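One structure is given below, encoded as structure tokens.
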Amino acid sequence: MALTPAAVWNISPALVLALDERLGAPVDSYVNGTQTWLTDEESGAITFEWRLHPVAGYLPVAGCTHYDVWDAVVDALASDNTADDLPIGTERRGLTSIWDGLECFPAYGDEVEPPRLAGTARDALGIAPDAAGLVDHERIGEIWERAPGSVSLVQLLLEDLKAE
């Protein structure tokens, strides 16, 4: 069983706005709601992948492509809309109906100690992770695949981190 160092944050408006301010637009957006960024550690030795995970049972936003969801949410939050009532596409949605939280981990399987990852991620976002440690991505991925999108990846990650 290979374990991966990971840092995890629960979703919040402050987290979304920090991602936008500090990391910019995602490098990739997926139909399932996932948003992804890649950043290099200061030394350039390690690339980190940041994944904003969708909620369990994610439903696409009407009137908005998966490429446009990020900008629509950021614009709505920056315009002082409440996180529970964001105008996105042709709908009004709560932030927690879109994403569960954020995960950061070494993108290419590089070895890094969890405290170093957590500190680097905290410095990059300006927000400390809610949890950090080692997770079993293979086991979590298998659970998610067996229950196509109906389980929370963030909850599975946090359970792994609590069991550590």
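Please treat every number below as a calculation from the coordinates, not as lab data. Computed from a predicted structure; not experimentally measured. Neighbour counts are summed over all protein chains in view; Cβ atoms, including those assigned to glycine, are modelled from backbone coordinates with ideal geometry.
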Computed magnitude of the charge dipole of the chain (debye, nearest 20; Cβ of K, R +1, Cβ of D, E -1): 340 debye
Extension gain, Leu59 back to Asp75 (0.36 nm per residue minus Cα-Cα distance, nm): 3.8 nm
Principal-axis tilt of helix 69-78 within the chain, Cα atoms, nearest 10 degrees: 80 degrees
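Would the stretch 94-164 count as rounded, prolate or oblate if I go by the C-alpha gyration tensor, calling it rounded below 1.5 in a/c and otherwise prolate when a/b exceeds b/c, oblate otherwise? It would help to have the intermediate numbers written out before the result.
On the way: a/c = 2.03, a/b = 1.31, b/c = 1.54.
Because a/c hits 1.5 or more and a/b fails to exceed b/c, the stretch 94-164 counts as oblate.
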The stretch 27-116 - convex hull of alpha carbons, volume per residue in Å³: 119 Å³
Rounded to 10°, Cα long-axis angle of helix 153-163 versus longest principal axis of the chain: 30 degrees
Normalised contact order of the chain, rounded percent, pairs of Cα under 8 Å and 6 or more residues apart: 34 percent
Gap separating the Cα centres of the stretch 104-126 and the stretch 75-97, nearest whole Å: 29 Å
Stretchable slack from Asp85 to Ser150, in nm (0.36 nm times residue separation minus alpha-carbon distance): 21.1 nm
Listed residue (Phe105, Val151, Phe48) projecting farthest to the positive dipole end of the stretch 4-163, Cβ model: Val151
Dmax and Rg, reported as Rg then Dmax, of the stretch 1-61 (C-alpha, Å): 13.1, 39
Spin-label model distance (nm) - Arg116 vs Asn10, 7 Å beyond Cα toward Cβ: 3.0 nm
Residues Thr96, Thr34, Thr90 arranged by fewest to most Cβ contacts within 10 Å: Thr90, Thr96, Thr34
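May I have the convex hull volume per residue, in Å³, for the Cα set of the stretch 4-163? Could you put the intermediate results ahead of the total?
Details: hull volume 16.2 nm³, N = 160.
Normalising the Cα hull of the stretch 4-163 by residue number yields 101 Å³.
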Angle in degrees between helix 137-146 and the longest Cα principal axis of the chain, rounded to the nearest 10: 40 degrees
